[in-house]
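Structure record follows, encoded as structure tokens.
The values are calculated or read from the model by the stated rules, or taken from the named source; none is laboratory data. Owing to the predicted nature of the structure, the values given are computational and were not obtained by experimental measurement. Here the Cβ is made from the backbone with ideal geometry for all residues, glycine too, and neighbour counts use every protein chain on show.
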Amino acid sequence: VHYCQIPLEQLFLLTVVSVKMHCHLNQTLGLKKIADFFGFSLSEEEIQTVVEKSGFKTIKEKSSKTHGTFGKIIFCKGTVGDWQDHFSEAQSKEMDRKFEECLAGTKLGEKMKYELYCKA
């Protein structure tokens with residue numbers, strides 16, 4: 001098995017699932033956790049500004065300026081697991097195989113909850 005052994009304290013894993021489950025309830029808390037992880041000290045005003053400017057609606061509205069014609073494709077309202085709608089059966093099987101090869105049985109693989117949210 002070939003994968004990089006990175007200590008968990010050096011990882012900040014942010015998934016769509018965790019964002020949907022936790023951050024929408026308290027974006028400020030989520031942003032504070034990210035800032036703490038990177039060692040940033042932000043004032044309440046700075047945090048509020050980032051929260052306002054990084055919301056999905058705001059980013060989507062500006063996507064044509066920031067990402068051109070791809071903005072509508074990149075910033076579409078998705079649901080957990082809908083990535084599978086964009087993969088062929090062969091691609092889904094390859095994704096499962098790579099997960100098993102590289103991440104199954106690791107702490108990172110466990111945190112991803114692959115079996116629950118991703119496995120085809």
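Considering only the stretch 32-75, give the helices (runs of 4 or more DSSP H) lying wholly within it that have at least 2 residues that are within 21 Å of F12 (Cβ to Cβ). I'd like the intermediate steps shown before the answer.
Numbers: elements: 44-53, 56-67, 71-74.
Qualifying helices (runs of 4 or more DSSP H): 44-53, 56-67.
Could you tell me which residue of the stretch 7-31 is modelled with the lowest pLDDT, considering only residues that are in a loop (DSSP other than H, G, I, E, B) and in contact with a helix residue (DSSP H, G or I) (Cβ under 8 Å, 6 or more places away or on another chain)?
The selected residue is T15.
Residue by residue through the stretch 77-114, note down the ones that are more than 26 Å from E9 (Cα to Cα), at pLDDT 75 or above and not in a helix (DSSP H, G or I).
F87, S88 - these are the residues of the stretch 77-114 that are more than 26 Å from E9 (Cα to Cα), at pLDDT 75 or above and not in a helix (DSSP H, G or I).
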